[in-house]
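A short reminder: the numbers here are calculations on the coordinates, not readings from a lab. Because the structure is a prediction, the values reported are computed rather than measured. Cβ placement follows ideal geometry from the backbone for every residue including glycine, while neighbour counts extend to all protein chains displayed.
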Amino acid sequence: MKGNPPRRARVPVLDGIRGLIAIGVLFMHTAYFAGIMDLGPVKGVPVINWLTVGLTIILTPFFLLSGMLLYKSFAKATFTGTSGPPVKAFFARRLLRIVPTYWVVVAAALLLINFASINSVWYVVAPVLGLHYFKNTDSSGLIPGLEITWSVVTEVLFYLLLPVAAALINRYARNAAGDPARQLRRMVCCLLPFVLIGPAWEIYTHLPSMGQYPIELFWPPMFFGVMALGMVLGALNAYHDVTGKVPGLYRLAAKSPLSWWALAFTLYIVNCIRPFDKAGSSDYPPISQALLDHVLTVVWGVLVLVPLIAPTARSRVMDVVLGNKLSVFLGRISYGVYLWHFPVLYFAFRAGSLFGTAPMMEPGTIAPWLLVGEVLLGTIVLATLTYYLVERPAGRLGARIAKSKAAIPTASL
């Protein structure tokens with residue numbers, strides 16, 4: 001079977017969505033400390049507060065893309081009956097992609113923000129190994145400046161589990177060798193049950209006995225189901241590449257790509273309203289709202305991403321919004337933007353060891369848009385530096401390792 005070549009023209013669009021999401025996450029977190037969001041005693045800024053609270057929905061495409069792009073090569077190997085990516089090369093390339101920059105940010109947070117708080121070897125070793133969200137000296141896992149690194153832990157654990165999961169799925173799907181459609185159905189049937197992990201974890205972490213904001217809320221099971229859904233998309237793309245046939249989901253997206261984004265915007269508005277909670281509030285939600293949050297987040301991510309990866313979908317608007325030079329550049333440095341914006345928040349508030357262990361100032365004590373501007377500028381500068389000085393060299397090293405082991409090239413769209 002001879003399939004169509006990968007569509008590299010779509011890569012800039014995927015970079016663009018990464019970039020805009022990273023900036024959205026930065027704005028959402030900065031908005032709280034700027035006093036824009038209505039959280040606890042902070043009054044917030046009407047309308048802007050609601051729109052900012054709604055941004056809690058936007059993170060899912062990161063995890064969908066990870067599952068899709070990484071599983072695609074494994075799925076393609078199943079369809080073609082060839083060997084998948086060499087495991088050692090896969091691990092080396094993936095870990096070099098995220099760990100070096102992560103370690104730089106960890107070092108900065110420990111030395112510049114938390115140096116006075118280091119009271120044991122474990123306080124340093126835990127975040128270096130990504131274990132701080134499971135067990136830390138104060139049992140919280142929330143080391144100042146590293147609050148959002150739970151996602152890095154989730155990604156690394158996904159990397160470790162993916163080759164095993166792919167091998168098991170491959171064994172089952174290859175029993176239908178010679179029938180790609182049947183193989184695809186088997187892959188999907190293996191993966192879809194894992195989508196239920198997220199809602200189940202939401203229920204568990206929102207039980208009254210867990211209290212508010214338990215550390216388990218940030219553990220990997222919360223987004224493993226989303227990554228499994230991303231793997232489903234990777235299988236669909238691999239099926240198209242090998243057979244040249246467009247799966248039904250992608251044909252539907254190609255009919256009217258912008259209607260998918262219109263539906264995604266509707267879900268965003270619903271998330272702003274929060275029907276089972278206080279409208280515009282980002283306080284810890286009841287279990288009904290938490291489940292709705294999870295469903296909205298997953299469906300929103302699918303609605304945003306599928307029109308971008310569907311092989312025959314075309315949208316001038318999407319190309320302009322996501323394929324322009326600024327969006328693509330932000331996408332390339334998006335990992336650094338995501339990791340750096342919390343340390344930069346502490347720097348903006350002159351908090352931590354670098355400033356004499358001054359405590360974090362209360363939200364709203366700095367002019368809102370001044371704070372947003374400072375954090376945005378500082379984050380982009382640091383993310384750009386780590387991209388060129390750390391990420392790109394590490395990526396080239398990973399590519400050389402993969403090439404030396406005759407690895408299948410990283411999937412592109």
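Legend: ranking of residues 341, 206 from fewest to most surrounding C-beta atoms inside 10 Å; resulting order 206, 341.
Order these by the 10 Å Cβ neighbour count, fewest first: 404, 315.
Working: 404 11, 315 19.
Exposure proxy ranking, most exposed first: 404, 315.
Local charge for residue 158 was computed over the other residues whose Cβ lies under 15 Å away, with Lys and Arg +1 and Asp and Glu -1, and equals +3.
Of all complete DSSP H helices in the chain, those with a Cα span along the helix axis of 15 Å or greater and a mean Kyte-Doolittle hydropathy of 0.5 or more are 11-33, 60-80, 87-108, 150-173, 221-243, 257-273, 287-309, 334-348, 368-386.
Of the residues 249, 106, 272, the one whose Cα sits farthest towards the positive end of the charge dipole of the chain is 249 (charges of +1 on Lys and Arg Cβ, -1 on Asp and Glu Cβ, taken about the Cα centre). The residues neighbouring residue 286, those whose beta-carbon lies less than 14 Å from its own, together hold a net charge of -2 under the Lys/Arg +1, Asp/Glu -1 convention. Under 5 Å between amide hydrogens, built in the peptide plane, is the criterion, and for residue 352 it picks out 357, 358 among residues at least 5 positions away or on other chains. Ordered by the count of other Cβ atoms within 10 Å of each Cβ, fewest first, 231, 28, 210 give 210, 28, 231.
Among the listed pairs 72/278; 72/403; 255/278, those whose Cα-Cα separation exceeds 30 Å are 72/278; 255/278. Electrostatic tally near residue 328: other residues with Cβ closer than 10 Å to its Cβ, Lys and Arg +1, Asp and Glu -1, net +2.
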